[in-house]
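Asks: First the structure, then my questions, so here it is.
The values are calculated or read from the model by the stated rules, or taken from the named source; none is laboratory data. Given the structure is predicted, the values throughout are model-derived calculations rather than measurements. Because the Cβ atoms are built from the backbone with ideal geometry, glycine has one as well, and the counts that use them run over all protein chains shown.
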Amino acid sequence: MKSDFLLIGIDGGASKVSGWVVEYLAREGTFQLTEQHAERRYADIKGYISDFKPLSLEIQLDAFNKVDIRPTEAEMQQGRTYTEACAAVIKELAANNDDLAILVGIGMPGLKTADRRGIAVVANGPRIPDYAADVEKYLEKAGVRMHAPIAHIGSDADYCGIGELHAHQGSFRNIRNAYYLGGGTGAADALLIDNCIIPFDQIKNWMAKTWELKNEQGRSMERYASASGLQFIYAERIGRTAESLTAEGIFPPQIAGKALEGDHQAAAAYHEAAENLALLFYERITTLYAGYQEQFSFVNPARTKLDSQHRYQGRYYDRIVVGQRLGDLMHSRSGQVVLTGPLVDTLEKLLKSSPVLPDKIREHYLHGGTLRSGRLFFSPLREAPALGAGIDAYLSHRNGA
């Protein structure tokens, strides 16, 4: 049965908007992306400010807490390029589908406004408190029919989890408890407990997001999970900038290749990443089972200390999923050698010597001292945030949310 509307998922990033048409597979009750895709770079939209500087997070958070968000002239101008880019992507996808009425889900970084339709605090862009309303105005002017208004703007990290749970190829399907780490421009965390997605914003009192955690060397753990972070670590070791590596087309896969070819600094960069990612996964395992054990400090020293107890204690993951570019890298031939193998070795040692995990839990993760097959899983959903955005729009509309 053909749907009477076109379902679109939008992944809004720091530099561009990507959109996909999402298909609902009624027989299975799952979703998948179609081949229909469009994207726009903010820099290609008239009025884009190339040297835009966001307000400090301190100022943004103060305005957020006072519920008094007043974007500056620069933010309003930059914000228009963001919403226009989003509307242009939606318009292009709609035009290719017999002008069906559209149902849209949008994922964007940052803290959302009280009505969840705007962006109130964001580290690398403008505040856009009327984001959804502005996109709808562009679409109305362009003659694009909407099946329903944009319900809300979601978190790209939460949408990764929703995509993994409801997609045809989702890594959370038929799994009870799982942790997801997606590595692209930044790091995305998602948590599945008792077959339900638990947003990190709801568990911030006992589990921190990856970007919030800091190791003994003072680095955010996001450095080791994100493609840009891995590039930065290697650039730093060889006395160059990440920008210069980008200009030469040297990204994490190329750095992994260099490590295989005997580049000692590339190998050292990946060894550092492997050890820290193993520590992160170990922290996720012990925190779920026994509560936070203070393995890390925080990027923000004023962050509220994590509780050592929570309602889900005693549980364990059936699967740790790695997705997006980090998952692709770890699943690749070179990545398996220089990153995944050393990571698993370190994680096995941490689990075997853990003072907080009893034998039955260690045996859940290990067999004969080695990590059980399937405990570490690489997601095939490269576009999980856009897929999750579309799924959320569908479910919200169906449930009247």
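Asks: May I ask you to list the residues in the stretch 347-401 that are touching a Leu at 6+ places or on another chain (Cβ under 7 Å), modelled with pLDDT under 95 and assigned to a loop (DSSP other than H, G, I, E, B)?
Replies: Leu381, Glu383
Asks: Go through the residues of the stretch 32-48 one by one and say whether even a single one is outside any loop (DSSP other than H, G, I, E, B), of a type outside the set (Lys, Arg) and touching a His at 6+ places or on another chain (Cβ under 8 Å). Don't jump to the end; show me each part of the working.
Replies: The first filter runs over the stretch 32-48 and keeps only residues outside any loop (DSSP other than H, G, I, E, B), leaving 32-44.
Narrowing further to those that are of a type outside the set (Lys, Arg): 32-39, 42-44.
Filter once more, keeping what is touching a His at 6+ places or on another chain (Cβ under 8 Å): 32.
Yes, the stretch 32-48 contains a residue that is outside any loop (DSSP other than H, G, I, E, B), of a type outside the set (Lys, Arg) and touching a His at 6+ places or on another chain (Cβ under 8 Å).
Asks: A further question follows. Could you list, in sequence order, the residues of the stretch 233-271 that are within 22 Å of the chain's Cα centre (by Cα), at pLDDT 95 or above and buried (at least 18 other Cβ atoms within 10 Å of the Cβ)?
Replies: Across the stretch 233-271, the qualifying residues are Ile233, Phe251, Pro252, Tyr270.
Asks: Taking the stretch 362-394 as the region of interest, how many residues are free of Cβ contacts under 8 Å to residues at least 60 places away in the same chain and closer than 30 Å to Pro149 by Cβ?
Replies: Final tally of qualifying residues: 1.
Asks: So which of Leu100, Leu57 is in contact with a strand residue (DSSP E or B) (Cβ under 9 Å, 6 or more places away or on another chain), under 23 Å from Trp211 (Cα atoms) and modelled with pLDDT under 95? Even if it seems obvious, please write down each step before you answer.
Replies: On the way: Leu100 fails: under 23 Å from Trp211 (Cα atoms).
Step by step, each of Leu100, Leu57 is checked, and only Leu57 is in contact with a strand residue (DSSP E or B) (Cβ under 9 Å, 6 or more places away or on another chain), under 23 Å from Trp211 (Cα atoms) and modelled with pLDDT under 95.
Asks: Here is a further query. Under 7 Å by Cβ, and 6 or more places apart or on different chains, what pairs join a residue from the stretch 251-277 that is on the phi < 0 side of the Ramachandran plot with one that is surrounded by fewer than 18 Cβ atoms within 10 Å (Cβ to Cβ)?
Replies: Leu260/Val337; Gln265/Arg237; Gln265/Ile238; Ala268/Arg237; Ala269/Arg237
Asks: Step by step: first the residues of the stretch 359-376, then only those that are in contact with a helix residue (DSSP H, G or I) (Cβ under 9 Å, 6 or more places away or on another chain) and of a type outside the set (Lys, Arg), then the one that is surrounded by the fewest Cβ atoms within 10 Å (Cβ to Cβ). Which residue is that? Can you show your working first?
Replies: Of the residues in the stretch 359-376, the ones in contact with a helix residue (DSSP H, G or I) (Cβ under 9 Å, 6 or more places away or on another chain) are 361-362, 365-366, 369-372, 375-376.
Still in the list and also of a type outside the set (Lys, Arg): 361, 365-366, 369-371, 376.
Details: Ile361: 19, Tyr365: 23, Leu366: 17, Gly369: 10, Thr370: 12, Leu371: 17, Leu376: 18.
Checking each candidate, the answer is Gly369.
Asks: I would also like to ask the following. When the residues of the stretch 90-102 are filtered to those that are free of Cβ contacts under 8 Å to residues at least 60 places away in the same chain and part of a loop (DSSP other than H, G, I, E, B), which remaining residue is surrounded by the fewest Cβ atoms within 10 Å (Cβ to Cβ)?
Replies: Asp98
Asks: Also: With respect to Gln293, determine if the residue is polar (S, T, N, Q), assigned by TED's automatic domain parsing to the domain that holds Leu347 and in a helix (DSSP H, G or I). Reasoning before the result, please.
Replies: On the way: polar (S, T, N, Q): yes; assigned by TED's automatic domain parsing to the domain that holds Leu347: yes; in a helix (DSSP H, G or I): no.
No: the conditions fail for Gln293.
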